[in-house]
Amino acid sequence: MIKEAIILAGGLGTRLRSEVVDLPKCMAPVNGKPFLHYVIEYCKAEGIERFVFSIGYKFEMIVAYLQEEQKDLSYSCCIEKEPLGTGGAIMKACEYANDTTIAILNGDTLYRANLQDVYNFHIINQSDCTLTLKPMKEFERYGVVDIDEKGEVKKFKEKQFYQEGLINGGIYLLNKESFTRESFPEKFSFEKDYLEKYAGKRRFYGSKQEGYFIDIGIPEDYRRAQKEL
């Protein structure tokens with residue numbers, strides 16, 4: 001069972017400024033509640049019992065929300081003094097995590113993947129990192145992940161228009177021990193400097209998941225979230 005999650009909640013929300021002024025992206029209100037609420041509720045429904053929140057921009061707002069509205073939650077906060085990139089944020093947050101296998105999620109994306117199903121796949125394959133992959137049609141906002149018949153990640157393709165493909169849904173199951181043994185600078189990108197760089201050289205697998213997916217990074221999808229959540 002997967003029981004611990006790191007939530008990356010340090011995003012500035014620059015592209016959302018037309019809709020949300022001066023809030024961390026994960027705190028953008030959706031029907032009266034911060035988007036982070038929906039991510040936490042999804043995690044709890046999937047069996048997550050402990051959280052590490054990786055926070056930076058206006059972190060006081062997130063800390064106040066957790067203290068006031070999530071009193072029963074078991075969590076730690078990992079505060080970035082300056083942006084470390086997704087990789088640096090995860091590496092630092094791993095210091096606060098107890099388990100060997102940790103779920104990594106974005107605080108501005110809700111993807112209702114079956115986490116225990118992904119966990120079983122992760123363990124069977126002795127994976128260093130397992131990605132949740134969302135099948136999509138007619139899109140250009142995301143790159144595509146190529147996997148073989150066993151689900152092993154072969155390569156990542158750049159953003160462009162695709163008729164159909166598997167996109168990186170932004171939930172990872174990470175082997176903390178193997179990841180923290182890697183040598184990285186303090187600031188680095190998890191996607192570019194770890195996943196793309198080591199595809200085919202580390203045990204990366206992709207689990208196709210059909211669950212609901214929304215990323216509130218652009219105004220159009222933020223408005224859509226108000227209707228759908």
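The values are calculated or read from the model by the stated rules, or taken from the named source; none is laboratory data. Quantities reported herein were computed from a predicted structural model and do not represent experimental measurements. All Cβ positions, even for glycine, are placed from backbone atoms using ideal geometry, and neighbour counts span all protein chains on display. Keep in mind that these areas ignore ligands, DNA and RNA; they rest on the heavy atoms of the full protein, side chains included. Shrake-Rupley method; radii C 1.70, N 1.55, O 1.52, S 1.80 Å.
If you stretched the chain out fully between ASN125 and GLU138, how much longer would it get, using 0.36 nm times the residue separation minus the C-alpha to C-alpha distance?
1.6 nm
So which lysines pass the test for LYS71, namely a Cα distance under 17 Å, with those fewer than 8 places away in the same chain ruled out?
Once the sequence-local lysines are set aside, what remains near LYS71 is LYS33, LYS44.
Can you figure out the FRET efficiency of ASP22 with GLU49, using R₀ = 45 Å and their beta-carbon distance, to the nearest 0.05? Walk me through the intermediate numbers first.
Details: r = 33 Å, r/R0 = 0.73.
After rounding, the FRET efficiency stands at 0.85.
Quick check on my link table: of LYS58/LYS201; LYS134/LYS154; LYS134/LYS192, which ones sit more than 28 Å apart, alpha carbon to alpha carbon? Mind dumping the intermediate values first?
Numbers: LYS58/LYS201 37 Å; LYS134/LYS154 16 Å; LYS134/LYS192 19 Å.
Where the Cα-Cα span goes over 28 Å, the pairs concerned are LYS58/LYS201.
Can you give the extra length, in nm with one decimal, that the chain gains between SER178 and ASP72 once fully stretched, where that is 0.36 nm per residue apart less the Cα-Cα distance? Kindly include the intermediate steps, with their values, before the conclusion.
Details: separation 106, 0.36 × 106 = 38.16 nm, distance 3.15 nm.
This chain segment gains 35.0 nm when fully extended.
By per-residue mean of other Cβ atoms within 10 Å, what is the highest-first order of 180-186, 24-30? Please list the in-between numbers first.
On the way: 180-186: 11.6, 24-30: 22.4.
Sorting 180-186, 24-30 by mean packing, highest first, produces 24-30, 180-186.
Just to be sure I understand: if I project the alpha-carbon convex hull of the range 1-98 onto a plane and average over all orientations, what area do I get in nm²? Numbers along the way, then the final one.
Details: hull surface 25.9 nm².
Spelled out: convex hull of the Cα atoms, projected over all directions, averaged, 6.5 nm².
Cut-off 20 Å, label point 7 angstrom out along Cα-to-Cβ of ASP117: give me the residues of the range 129-153 whose amide nitrogen falls inside.
Within reach of a label on ASP117: 129-137, 145-153.
Given 0.36 nm per residue, what is the gain on full extension from GLU82 to LYS58 after removing their alpha carbon distance, in nm?
Values: separation 24, 0.36 × 24 = 8.64 nm, distance 1.14 nm.
Full extension from GLU82 to LYS58 adds 7.5 nm.
Taking only Cα atoms and a 10 Å spring cutoff, compute GNM fluctuations for the chain and point out the largest among LYS44, LYS157, LYS187.
LYS157
State in Å² the accessible area per residue of the range 60-201; use a 1.4 Å probe, count heavy atoms of protein chains only, and round to the nearest integer. Mind dumping the intermediate values first?
Details: 7290 Å² over 142 residues.
On a per-residue basis, 51 Å².
Regarding the range 101-229, what is the average projected area of its C-alpha convex hull, in nm²? Present the calculation step by step, with values, prior to reporting the outcome.
Details: hull surface 33.4 nm².
Here the figure is 8.4 nm², rounded to one decimal.
Just tell me which aspartates and glutamates come within less than 12 Å, Cα to Cα, of LYS3; anything on the same chain fewer than 8 places away is out.
Answer for LYS3, where 12 Å is the Cα cut-off: GLU46, GLU49, ASP99, listed by chain and number.
At 1.4 Å probe size, with the rest of the protein present, what percent of the exposed accessible area of the chain is carbon and sulfur atoms? Kindly include the intermediate steps, with their values, before the conclusion.
Details: 5110 of 11010 Å².
The nonpolar share, carbon plus sulfur, comes to 46 percent.
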